[in-house]
1. Of the peptides 324-332, 157-165, how do they stack up when ordered by the mean number of other Cβ atoms within 10 Å, highest first?
2. Skipping prolines and chain starts, which residues have an amide H placed within reach, meaning under 5 Å, of the one on ASP317, given they are 5 or more residues away or on another chain?
3. Which peptide among 143-152, 167-176 comes first, and what is the full order, when sorted by highest mean count of other Cβ atoms within 10 Å?
4. So who's got an amide H within less than 5 Å of the one on GLY359, skipping anything under 5 residues away but keeping other chains? H placed 1.01 Å off N, in plane.
5. Solvent-accessible area of LYS214, probe 1.4 Å, all protein chains present, reported in Å² to the nearest ten, please.
6. In the structure shown, do any of LYS72/LYS153; LYS72/LYS185; LYS46/LYS72; LYS179/LYS265; LYS265/LYS358; LYS203/LYS336 have a Cα-Cα gap over 32 Å, and if so which?
7. In the stretch 74-101, which residues have a backbone nitrogen under 20 Å from the label point lying 7 Å from ARG152's Cα in the Cα-to-Cβ direction?
8. Quick one: net charge around PHE277, please, counting Lys, Arg +1 and Asp, Glu -1 for every other residue with C-beta under 10 Å from its C-beta.
Amino acid sequence: MGKRRKPSPPSRARMAVLTTAMAAGGAVLASGTAHAEPAPTLASVKEQVDTLNEEAEQAIERYNGFQAKQQKLQSDANQIQEKVVRGQETMNELRTRLGAVAADQYRTNGIDASVQLMLDSDPAGYLERAAVQNQVADSQASLLKQAQDEQRKLDQDRAEATATLAALDSVGKQLTEQKNDIQGKLSKAQEMLNKLSAEDRAKINAQQSAEKAKAEAKQAAAAAASSAADRASRGAERQDLNAPAAPASGRAASVIAFAQAQLGKPYGWGKTGPATFDCSGLTSMAYRSAGVTIPRMSQDQWNFGPHVDRANLQPGDLVFFYDDLHHVGLYIGDGKMIHAPRTGKNIEVLPISVMPYKGAVRPA
């Protein structure tokens, strides 16, 4: 038998390839392990849901703005189109009158005026008729100018109607985009909540209730401290901490009465009642019930009337939250407001301290 040959050791190049491959495999495994998505915590889900709801409310106020613009453009378009119809009717009438004049001229202007005078058996009568014809000619010129002016106005109204309808179409598309954006954010928030167990959802609700109770306790403590300071300085009798800071009367009482009657009704984005409201829908309709028309959007309501310091708030004032003013409520006294919160919640009373307070306005 021949001698068995020992297997030759792997070359350095082959060892390098194997080493690299093993290292790469290890890296892949390590990478797969490192990038495994951890299960979302209850706190992170709540934070994401709250963020989505805030973003949805911001989009809702933009939607309200487009909706108000759409309604105005539609009203403008209707009025302009009515003007076009009336203008066309006037033009039809003027054209009929001009047609009659043209036909009359064709019948009467076949003979030269000097020849007609020579042939006329009554020259004095002819001259009298000629004077009347001059007046008729002046009237015809006036009629023609009126027709020309009316045609210009009609052309302008048609151009304005075309531009307004184009703007209306553009706003309609923007309205649809905002609506889809809102629905997308709300659906995503609901999807995240649906993935939680019933126990976890109950925990989130409990946390929200605890946050509300904490804010109310903080507000009550502040009211108690203010009341104590007031008693010390004025020697007044102890005031009821649950009473409004100032009694509502007149228009403010009517505004608050309307808002109180809506308590418990569900939030509805883009709605102004009577069954559902969003935040600015509730405040605008509350004021309308008292005979005051205020803008539809919260950002526009911010500019409707003088601004009021927080220390001087009175029942009926509008209170605003967040830097972009996308949330508004109706102050009722004692540091509290009635507001329409967000999708999935009902109109409620809440301390104004639970959200980032921006300022207040007292509608004129």
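The values are calculated or read from the model by the stated rules, or taken from the named source; none is laboratory data. Given the structure is predicted, the values throughout are model-derived calculations rather than measurements. Using ideal geometry, Cβ is built from the backbone for each residue, glycine included, and neighbour counts are taken over all protein chains shown. In case anyone asks, the SASA skips ligands and DNA or RNA and just uses the protein heavy atoms, side chains included. Shrake-Rupley method; radii C 1.70, N 1.55, O 1.52, S 1.80 Å.
1. Numbers: 324-332: 24.0, 157-165: 15.8.
The packing order, highest mean first, is 324-332, 157-165.
2. Close amide H contacts, sequence-distant or interchain: TYR331.
3. Details: 143-152: 13.3, 167-176: 14.8.
For the peptides 143-152, 167-176, the packing ranking is 167-176, 143-152.
4. So GLY359 has HN proximity to PHE320.
5. 150
6. Numbers: LYS72/LYS153 22 Å; LYS72/LYS185 28 Å; LYS46/LYS72 39 Å; LYS179/LYS265 22 Å; LYS265/LYS358 26 Å; LYS203/LYS336 26 Å.
Beyond 32 Å: LYS46/LYS72.
7. Flagged as within label range: 83-95, 98.
8. Details: positive: LYS265, LYS271; negative: ASP278.
Neighbour charge sum, excluding PHE277 itself: +1.
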